[in-house]
Amino acid sequence: MRSIDDAAWHVELSDPWVGELAIDGVYDETLEPFKTHRLQVDQVTLTTVNRSLEMVRRILNLCARKYRHPNGLTWLETAPLISVDVREARRKARRPYPLSWDEQDLLFRELPDHPNRAMALFKVNTGTREDEVCKLRRDWEIAVPELKTSVFIIPAGYVKNDEDRLIVLNQVAASVIDAQRGKHPVYVFVRRGKPVHYMNNTAWQSVRKRAASRYLEKFGKAANWGFAHTRVHDLKHTFGRRLRSVGVGGETREALLGHKNGDITTHYSTAELAELISAVNRIDHSLATPAITLLRVAA
């Protein structure tokens, strides 16, 4: 599985509640305490809980269809129905929260130097997903000597939409990559010599709490709820919103954000690459983002 690390994490989360049960003892009712704890104690979203339940459901389905007991029979005669409330999750899903430049400065200042801050800075300047940043490999970097730069091409097997992913670097992202050279023979971002599996961890949650507590001191008002609960994925939304705010067209934004559009997204001429690089370099710290401010006031 491409997402084996995520699968293992979700299984580990449910283990205290169902780990001691026989496989036929795992069903909606026995999972209810797990759901309650995650929602009320851990205070995660219903969408996050559903991801764990979907993993449990996948395992139970495999136990009924594929996995075999030594006696040759499947472990389950039929898989139980595991309820995943998609409609309720969508209704409660948190809206994207693109950061202003001041908010980014405040948040990033709380991040440890290595590698958290570098990864966040790279993500907000490239629109990459968390998994793409964590697994970024040095051998995916392709030199473009005609433009005196380089790009990254992430193979389809490591990309959510199963298409090769082109990562174009603006000046900030390129400087982040240069600063990471020589730290590991395989991976770009490492912690204590080992690859980083997650950006969205307890350290990130602590950082956003500290940043929110400093918000009042810096801006003279309480932190917006969205800022106090900034997700790692909001960095991708921030990149997309900034491209839009400087007038980058929809087709170019889709290419830069890695959205699936049916095209072979890694087949670009030098002129096309130059256009994409020019687009990402239009994102500048000195630019105002009034559209983002207006949306927040309306919310």
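Derivation of every value follows stated rules applied to the coordinates shown; laboratory data play no part. Only a predicted model underlies this, so the values are computations on that prediction, with no experimental measurement involved. Using ideal geometry, Cβ is built from the backbone for each residue, glycine included, and neighbour counts are taken over all protein chains shown.
At-a-glance table
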{"quantity": "Diffusion coefficient, µm² s⁻¹, Stokes-Einstein with Kirkwood Rh over alpha-carbon pairs of the stretch 4-92 at 4 °C and 1.567 mPa s", "calculated": "94"}
{"quantity": "Estimated FRET transfer efficiency (residue 144, residue 114; beta-carbon r; R0 30 Å; 0.05)", "calculated": "0.65"}
{"quantity": "Ranked list, fewest to most other Cβ atoms within 10 Å of each Cβ, for 123, 183, 35, 218", "calculated": "218, 183, 35, 123"}
{"quantity": "For residue 197, net neighbour charge (Lys/Arg +1, Asp/Glu -1) across residues whose Cβ lies under 11 Å away", "calculated": "-1"}
{"quantity": "Average Cα contact separation per residue, the chain, under 8 Å, 6 or more apart, as relative contact order %", "calculated": "18"}
{"quantity": "Distance between modelled label sites at residue 201 and residue 65, nm, 7 Å Cα→Cβ extension", "calculated": "3.4"}
{"quantity": "Across 35/194; 123/148; 160/183; 160/194; 135/236; 209/236, pairs whose alpha-carbon gap is larger than 25 Å", "calculated": "35/194; 160/183"}
{"quantity": "Distribution of pairwise C-alpha distances over the stretch 86-224, 5 Å bins, in %", "calculated": "2, 9, 16, 20, 17, 15, 11, 6, 4, 1, 0"}
{"quantity": "Spatial extent of the chain: Rg and Dmax, with the Cα atoms as the point set, Å", "calculated": "21.6, 69"}
{"quantity": "For the chain, the longest site-free run once GluC sites (Glu not before Pro) in DSSP loop states with at most 13 other Cβ atoms within 10 Å are removed", "calculated": "78-299"}
{"quantity": "Helical contribution to [θ] at 222 nm, DSSP H n ≥ 4, -39,500 (n - 2.57), averaged over the chain, rounded to 500", "calculated": "-14500 deg cm²/dmol"}
